[in-house]
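Asker: Below you will find the structure I want to go over with you.
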Amino acid sequence: MRFCPFAKRTLLVLKAKGIGHEVININLKNKPEWFFKKNPFGLVPVLENSQGQVIYESAITCEYLDEAYPGKKLLPDDPYEKACQKMVFELFSKVPPLLLSFLRRQNKEDCSGLKEELHKEFSKLEEVLTNKKTTFFGGSSLSMIDYLIWPWFEWLVALELNEYVNHTPNLKLWMEAMMKDPAVSSLFIDPKAFRGFLDLYLQNNLEACDYGL
Amino acid sequence: MTDDAARTLGRGSAPPGPVPEGLIRLYSMRFCPYAHRTRLVLQAKGIRHEVININLRNKPEWYFTKHPFGKIPVLENSKCQLIYESVIACEYLDDAYPGRKLYPCDSYERARQKMLLDLFYKVPHLTKECLIASRCGRECADLKLALRQEFCNLEEILGYQNTVFFGGDCISMIDYLFWPWFERLDVYGIADCVNHTPALRLWIAAMKQDPTVCALLIDKNIFLGFLNLYFQNNPDAFDYGLSC
């Protein structure tokens, strides 16, 4: 689905590795029955190859692509560095549900509690960058972990909420560096379309997923 | 070689020194199912290691320099590198150490094992809630029903695959990642939750024949002794069964 941040992870990896692929978008508010045969949970993203093998869960799809396809490796070879990327991934795990709750409540209720929680989570990520003294979460070059967490920060840019990283300067610099990446910029979400989608999606409108087409 | 029988370190204890070259250290607790995963992998791959058991009710202050929230398991190597989250630790060991690979080599089969792990995610919480409920004299019929449903999902996988183990005909990483909770079904008093899942029962029986699983099997009476003290909030619970 064009606006799903989890599916965005997989699209970024496909792009970064130059993997030829086709996309079938699923209406998440009105799922086709056949889709549950691909993923019993009915969620995107799902990869399917010509051998009929199906892989789901965004992080698993990304790792699968990195292992199965040649070219630039996004995950490090060193076992410890790889483990570090997975530990950062765990550190990030509270951000997606928080950000979604925040977007649901904006303009409707007081969300200062959520804002504070978001600040707390961003500070944890800031600490990683500060300790590592590198631009990206995996080192001096962009790697898997950066692509895995990027889609939610892309939302901040698209919704003009960059102020949320004002107190986390390294995170802010990271965002700027990410925007320069070819895969990121070629797949950058259209802010107008995203806002249009979000409004409809939060109202459970069946047409939301096709907004802008 | 292993120090699984070591008394726990608690508040006020001196921090351990650096990890000697050629060894990897595991911060653990003898009855913790998550740490059990890591101990299974260390055993299965024959990795030289030392174990420091942590008193989880009375954590040493220095332990928070190993894990920000003082959780176990944590691996520490001789380069002072720390790895935590049980699944991350297990994968690290499989990657970093030679010999028998517990994860398959094929990328799709690796992905399948990781998808299976996702299918398992409710089991730890449900088994713990059943244990707490029964220990506190509360009803747990709903919890057991929910657990049986999870076991049915796993049963379906084994049925569909028509293999003994979750990764195929041989034991592999995913089996070790699931095992600790199944070993505890009996002492938690919920062994009847696999009454309707024959393939899962066969898997349990096959697992009990595995040398690695056997080497680390916890004596039922010692486990019960631990549980009794644990639910009485006795800080000595974690050392139950150790000779003085």
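Asker: Please go through region A:177-211 and pick out each residue that is part of a helix (DSSP H, G or I), farther than 30 Å from A:Ser140 by Cβ and either of a type in the set (S, T, N, Q) or touching a residue at least 12 places away in the same chain (Cβ under 8 Å) (or both).
Answerer: A:Lys192, A:Ala193, A:Phe194, A:Arg195, A:Gly196, A:Phe197, A:Leu198, A:Tyr201, A:Leu202, A:Ala208, A:Cys209, A:Asp210
Asker: Scan region A:47-64 residue by residue and report those that are closer than 17 Å to A:Ile149 by Cβ, facing chain B (nearest Cβ under 9 Å) and of a type outside the set (Asp, Glu).
Answerer: A:Ala59, A:Ile60, A:Thr61
Asker: Exactly one of these conditions fails for B:Trp62: (1) surrounded by fewer than 20 Cβ atoms within 10 Å (Cβ to Cβ); (2) within 13 Å of another protein chain (Cβ to nearest Cβ). Give me its number.
Answerer: Only one criterion is unmet by B:Trp62, namely (2).
Asker: What is the number of the single condition among (1) in contact with a strand residue (DSSP E or B) (Cβ under 8 Å, 6 or more places away or on another chain); (2) more than 10 Å from chain A (Cβ to nearest Cβ); (3) surrounded by 20 or more Cβ atoms within 10 Å (Cβ to Cβ) that B:Leu75 does not meet?
Answerer: Of (1) in contact with a strand residue (DSSP E or B) (Cβ under 8 Å, 6 or more places away or on another chain); (2) more than 10 Å from chain A (Cβ to nearest Cβ); (3) surrounded by 20 or more Cβ atoms within 10 Å (Cβ to Cβ), only one is false for B:Leu75: (2).
Asker: Tell me whether region B:40-52 contains one or more residues that are surrounded by 21 or more Cβ atoms within 10 Å (Cβ to Cβ), over 27 Å from B:Asp210 (Cα atoms) and either at pLDDT 95 or above or in contact with a strand residue (DSSP E or B) (Cβ under 8 Å, 6 or more places away or on another chain) (or both).
Answerer: Looking through region B:40-52, none of the residues is surrounded by 21 or more Cβ atoms within 10 Å (Cβ to Cβ), over 27 Å from B:Asp210 (Cα atoms) and either at pLDDT 95 or above or in contact with a strand residue (DSSP E or B) (Cβ under 8 Å, 6 or more places away or on another chain) (or both).
Asker: List the number of the failed condition for A:Val23; all other conditions in (1) within 11 Å of another protein chain (Cβ to nearest Cβ); (2) β-branched (Val, Ile, Thr); (3) in contact with a Leu (Cβ under 9 Å, 6 or more places away or on another chain) hold.
Answerer: Going through (1) within 11 Å of another protein chain (Cβ to nearest Cβ); (2) β-branched (Val, Ile, Thr); (3) in contact with a Leu (Cβ under 9 Å, 6 or more places away or on another chain) one by one, A:Val23 breaks only (1).
Asker: May I ask you to say which residue of B:Arg100, B:Arg138 is of a type in the set (D, E, K, R), modelled with pLDDT under 95 and closer than 19 Å to B:Ala44 by Cβ?
Answerer: Exactly one residue qualifies, and that residue is B:Arg100.
Asker: Test of understanding: among B:Ile171, B:Ile190, which residue is in contact with an Asp or Glu (Cβ under 9 Å, 6 or more places away or on another chain) and of a type in the set (A, V, I, L, M)?
Answerer: Step by step, each of B:Ile171, B:Ile190 is checked, and only B:Ile171 is in contact with an Asp or Glu (Cβ under 9 Å, 6 or more places away or on another chain) and of a type in the set (A, V, I, L, M).
Asker: So which helices (runs of 4 or more DSSP H) are wholly in region B:138-227 and hold at least 1 residues that are touching a residue at least 24 places away in the same chain (Cβ under 8 Å), within 27 Å of A:Phe41 (Cα to Cα) and not assigned by the TED database to the domain that holds B:Lys45?
Answerer: B:141-161, B:173-183, B:198-208
Asker: Which residue, of B:Lys144, B:Lys128, is among the basic types (Lys, Arg), modelled with pLDDT of 95 or more and surrounded by fewer than 18 Cβ atoms within 10 Å (Cβ to Cβ)?
Answerer: Of the residues listed, the single one that is among the basic types (Lys, Arg), modelled with pLDDT of 95 or more and surrounded by fewer than 18 Cβ atoms within 10 Å (Cβ to Cβ) is B:Lys128.
Asker: Got at least one residue in region A:82-96 being in a helix (DSSP H, G or I), of a type in the set (Gly, Ala, Ser) and farther than 22 Å from A:Glu57 by Cβ?
Answerer: No, the conditions are met nowhere in region A:82-96.
Asker: From the set of residues in region A:15-44 that are outside any loop (DSSP other than H, G, I, E, B) and basic (Lys, Arg), which is nearest to A:Leu213 (Cα to Cα)?
Answerer: Ranking the candidates gives A:Lys15 first.
Asker: What are the residues in region A:26-46 that are more than 25 Å from A:Lys82 (Cβ to Cβ), more than 12 Å from chain B (Cβ to nearest Cβ) and touching a residue at least 12 places away in the same chain (Cβ under 8 Å), if any?
Answerer: A:Ile26, A:Asn27, A:Leu28, A:Lys29, A:Asn30, A:Lys38, A:Val44, listed by residue number.
Asker: Anything in region A:65-97 that is more than 9 Å from chain B (Cβ to nearest Cβ), within 21 Å of B:Gln113 (Cα to Cα) and aliphatic (A, V, I, L, M)? List them, or say none.
Answerer: Within region A:65-97, A:Leu74, A:Leu75 qualify.
Asker: Can you find a residue in region B:134-148 that is within 30 Å of A:Glu48 (Cα to Cα) and of a type in the set (A, V, I, L, M, F, W, C)?
Answerer: no
Asker: Can you pull out the residues in region A:137-160 that are outside any helix (DSSP H, G or I) and either charged (D, E, K, R) or crowded, with 19+ Cβ neighbours inside 10 Å (or both)?
Answerer: A:Phe137, A:Gly138, A:Leu142, A:Ser143, A:Glu160
Asker: Something else: Pick from region B:99-122 the residues that are touching a residue at least 12 places away in the same chain (Cβ under 8 Å) and among the aromatic types (Phe, Trp, Tyr): which of them is nearest to the other protein chains (Cβ to nearest Cβ)?
Answerer: B:Tyr103
Asker: Additional query: Within region B:211-244, restricting attention to residues that are among the hydroxyl-bearing types (Ser, Thr, Tyr) and surrounded by 14 or more Cβ atoms within 10 Å (Cβ to Cβ), which residue is farthest from B:Arg135 (Cα to Cα)?
Answerer: Top of the filtered list is B:Thr212.
The values are calculated or read from the model by the stated rules, or taken from the named source; none is laboratory data. Only a predicted model underlies this, so the values are computations on that prediction, with no experimental measurement involved. Quick reminder, even Gly has a Cβ in these numbers, built from the backbone with ideal geometry, and neighbours come from all protein chains shown.
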